[in-house]
1. Can you give me the long-range amide H partners of residue 117? Hydrogens built in the peptide plane at 1.01 Å from N, cutoff under 5 Å, separation of 5 or more residues or another chain.
2. From the convex hull of the Cα coordinates of segment 68-156, what is the mean projected area in square nanometres?
3. Need one number: the % of Cα-Cα pairs in segment 6-125 sitting beyond the 21 Å mark.
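Please treat every number below as a calculation from the coordinates, not as lab data. Being a predicted model, the structure only gives us computed values, none of them experimental.
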Amino acid sequence: MASFSSTRWSRIIGSRIKRAGWRFWTIGENLLLGAASRRKGHWTLDTVYKLFPVLRERRDRMGTELSGGQQQMLAVGRALLGNPRVLLLDEPSEGLAPQIVREVGEALLTLKSQMSILLVEQNLGLALKVADDVVILNTGRVVFSGTRETFLAQQASLNSHLGVE
């Protein structure tokens, strides 16, 4: 890992950019910013619009006119347009209604077949739906690292680390 420069990592990894910076751009403009790297790959405006049809319907609206879930979709779509090999997601379900969390989960399952995803998520149900491998941290310490199946088998003994009584 030490041999990779930050420039090299930025070519490999796509991350979901915080929503706050988009208030002055339309949905279409936000997505075009994601494509600014001009990196060749599977992800184009059309493929992002196929994954998230609501973004096509609202492409001429301002980013602030989207719901929280739609803003998450825009953030993921914008990252995908950079055609990363790894997608980093930091709590994509945060603040979303349960139905929207399910929709985000379905999108992540679609993406999982096409690229590696590093997901940081407090919603255990969503994380386990998407994950192949699980790492649980408690106060900065790794308390579990293994496959989803191994985690499920040991979940009862790990509940204290998960804040479950």
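1. Amide H to amide H, under 5 Å and 5 or more residues apart or across chains, residue 117 pairs with 87.
2. One quarter of the hull surface, i.e. the mean projection, equals 6.3 nm².
3. Here the long-distance tail beyond 21 Å is 32 percent of all Cα pairs in segment 6-125.
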